[in-house]
């Protein structure tokens with residue numbers, strides 16, 4: 001029986017191609033059918049999250065009979081956000097009400113446990129997200145304790161930090177695991193880690209209001225906590241745990257204490273020696289991954305596409321993954337889960353053109369069997385390649401990004417959409433399936449993404465280079481990338497449009513303020529447009545942490561606020577404008593959208609306005625179809641194809 005039928009999902013077949021290869025808007029904006037699939041420790045069952053309407057549900061499938069044994073759903077707008085097989089019988093899952101993103105309609109994270117057949121279902125705890133205010137708590141799984149089938153380690157998050165508990169998944173009882181003494185009464189615990197036997201071995205202290213992180217560790221055969229002091233170049237240096245060796249004697253750390261980019265270090269817990277395992281001079285290392293016997297296999301990072309540095313390439317499991325990578329050239333291969341004896345893996349394969357396919361891999365027979373696709377209506381051969389690029393900014397700084405070209409078209413004199421990412425500090429554009437870019441490429445547009453200074457992922461100094469440079473050098477990087485595409489002959493200078501959401505919405509409007517003769521149009525989606533309002537309207541300035549953040553990245557000079565606010569410079573705009581906002585947005589509230597709207601009206605500018613009963617980004621399918629359908633018409637009118 002096909003999985004799609006089994007999971008009672010309605011697979012909407014793509015309508016016949018409009019024109020040659022033009023696909024319906026809905027094909028791109030629909031959510032994936034499947035979020036994640038994991039196999040039980042004994043290999044007898046699968047658990048899968050999937051979408052129906054506004055919900056993400058969890059279903060358990062009997063693998064032999066291919067029938068559903070249970071279904072977990074929590075109501076309209078509720079989503080299962082995380083789930084784990086604790087043992088062959090028991091699952092733990094987190095769910096949350098989620099209408100839009102960062103909006104006022106969300107709810108607390110709820111933690112549940114249940115038998116695979118839906119029996120003995122138990123509520124384990126809840127808590128509010130930090131963005132919804134303090135005072136509550138929330139539980140998150142820290143470690144599954146694979147050697148103990150009845151217990152997990154959870155972190156209890158609240159205003160006082162993180163407290164680790166050992167929790168019984170059968171009755172919900174929990175026991176506090178202790179903590180080292182903090183260096184200051186103003187500090188709090190920001191995270192912890194346990195060894196393979198379930199003993200607390202590491203605690204991260206957040207000092208100075210979270211500005212500094214201090215690592216406490218417990219050596220073997222000792223009750224005295226020690227402080228790991230690698231030294232720090234500034235307050236934004238970070239040293240965080242990334243895993244333990246097979247015998248728990250060595251700790252893997254992700255750290256940028258000594259250089260700008262984060263590297264992977266191996267720290268000998270007992271003798272105090274530190275060894276650098278890997279560092280890329282331009283890009284942060286993202287994570288480490290280990291074999292089922294806890295042997296460190298490799299390190300992943302993304303200078304352009306996803307790359308792997310193998311530390312133990314001769315390990316049997318490394319050889320198996322390398323074999324899978326060869327079977328899927330040009331794609332990313334990840335192991336989502338495995339049986340306890342590690343003879344069977346669930347494998348996720350995806351790429352820039354492939355939204356993701358799940359397989360079951362039998363290591364003993366070396367056979368791979370297809371299970372299901374995340375977006376089965378998408379045909380990779382119809383999608384566009386996302387090419388990594390490098391450019392040099394006007395001041396000599398190297399910038400990296402991506403160029404997506406319309407399938408079958410020569411990279412010459414194309415209409416171009418510059419898609420600016422949000423954040424802006426921390427996030428970055430990455431390689432992989434991006435349905436927005438694919439939609440635009442399908443309509444005949446080249447799409448340019450640039451990781452401007454201030455973006456995350458390229459080292460501490462690169463991110464700090466964007467602080468207090470909103471609308472100036474950060475914006476110049478976007479301009480320089482646009483001009484690069486023109487100078488290379490890729491883009492037609494007379495057919496350029498700039499688009500983005502959140503900070504990207506700010507950059508889109510600031511782009512047509514600073515460069516009124518460069519872009520023909522701008523699309524601002526839930527964007528920031530007025531720096532004065534940014535410092536008093538929304539959830540960021542409601543807390544001291546948020547106010548300190550704004551002072552660090554925006555500056556406190558009100559004359560600069562005026563210069564850097566698109567809503568206060570609307571008279572300079574020559575480009576056509578399309579604005580879209582959400583009524584219930586708390587991160588970038590309606591005051592921002594209305595300020596830009598009013599400024600354009602006062603300046604006598606024609607523009608398109610869209611307002612939806614949503615939060616920070618549209619989540620309802622009908623609203624997405626409306627927004628991107630309007631975008632399509634807007635782009636066709638102003639830069640054509």
Let me spell it out: the conditions are (1) within 23 Å of residue 192 (Cβ to Cβ); (2) in contact with a strand residue (DSSP E or B) (Cβ under 7 Å, 6 or more places away or on another chain); (3) at pLDDT 85 or above, and residue 59 meets all of them except one. Which number is the exception? (1)
Considering only the stretch 94-106, I want to know if a residue exists there that is modelled with pLDDT of 90 or more, under 24 Å from the mean Cα position of the chain (by Cα) and crowded, with 20+ Cβ neighbours inside 10 Å. yes
Filter the stretch 581-614 down to the residues that are touching a helix residue (DSSP H, G or I) at 6+ places or on another chain (Cβ under 8 Å) and assigned to a helix (DSSP H, G or I) and list them by number. 591, 592, 595, 596, 598, 599, 600, 602
Determine which member of the set 337, 351 is crowded, with 18+ Cβ neighbours inside 10 Å, modelled with pLDDT of 95 or more and over 23 Å from residue 30 (Cβ atoms). 337
Among the residues of the stretch 355-388, which ones are free of Cβ contacts under 8 Å to residues at least 40 places away in the same chain and under 23 Å from residue 490 (Cα atoms)? 381, 385, 387
Sole miss for residue 578 among (1) surrounded by 18 or more Cβ atoms within 10 Å (Cβ to Cβ); (2) in contact with a strand residue (DSSP E or B) (Cβ under 7 Å, 6 or more places away or on another chain); (3) in a helix (DSSP H, G or I); (4) free of Cβ contacts under 8 Å to residues at least 60 places away in the same chain is condition (3)
Looking only at the stretch 517-535, count every residue that is touching a strand residue (DSSP E or B) at 6+ places or on another chain (Cβ under 9 Å) and not in a loop (DSSP other than H, G, I, E, B) and tell me the total. 5
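Quick one: which residue in 219, 241, 164 is at pLDDT 80 or above and part of a loop (DSSP other than H, G, I, E, B)?
Checking each option against the conditions leaves just 219.
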Please determine, by comparing only the residues of the stretch 287-333 that are touching a strand residue (DSSP E or B) at 6+ places or on another chain (Cβ under 6 Å) and in contact (Cβ under 8 Å) with a residue 60 or more places away in the chain, which one is surrounded by the most Cβ atoms within 10 Å (Cβ to Cβ). 332
Among the residues of the stretch 486-502, which ones are outside any strand (DSSP E or B) and either touching a strand residue (DSSP E or B) at 6+ places or on another chain (Cβ under 7 Å) or crowded, with 24+ Cβ neighbours inside 10 Å (or both)? 486, 490, 502
All positions within the stretch 581-601 that are over 29 Å from the mean Cα position of the chain (by Cα) and free of Cβ contacts under 8 Å to residues at least 24 places away in the same chain: 597, 601
Quick test of your reading of the structure: residue 517 fulfils all but one of (1) surrounded by 17 or more Cβ atoms within 10 Å (Cβ to Cβ); (2) within 23 Å of residue 485 (Cα to Cα). Name the failing condition by number. (1)
Residue pairs within 6 Å by beta carbon, gap of at least six or interchain, first lying in the stretch 403-414 and more than 15 Å from residue 386 (Cβ to Cβ), second exposed (fewer than 15 other Cβ atoms within 10 Å of the Cβ), listed first then second, are 412/489
Select from the stretch 39-58 the residues that are surrounded by 20 or more Cβ atoms within 10 Å (Cβ to Cβ) and part of a strand (DSSP E or B) and list them in ascending order. 39, 45, 46, 47, 48, 49, 50, 56, 57, 58
In the stretch 602-612, what count of residues is obtained for those that are over 22 Å from residue 538 (Cβ atoms) and either within 36 Å of the chain's Cα centre (by Cα) or in contact (Cβ under 8 Å) with a residue 24 or more places away in the chain (or both)? 6
Out of curiosity, is residue 283 modelled with pLDDT of 85 or more and over 30 Å from residue 342 (Cβ atoms)? yes
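The values are calculated or read from the model by the stated rules, or taken from the named source; none is laboratory data. The model shown is predicted, which means the values in this text are computed figures rather than measured ones. Glycine also receives a Cβ, built like all others from the backbone with ideal geometry; neighbour counts cover every protein chain displayed.
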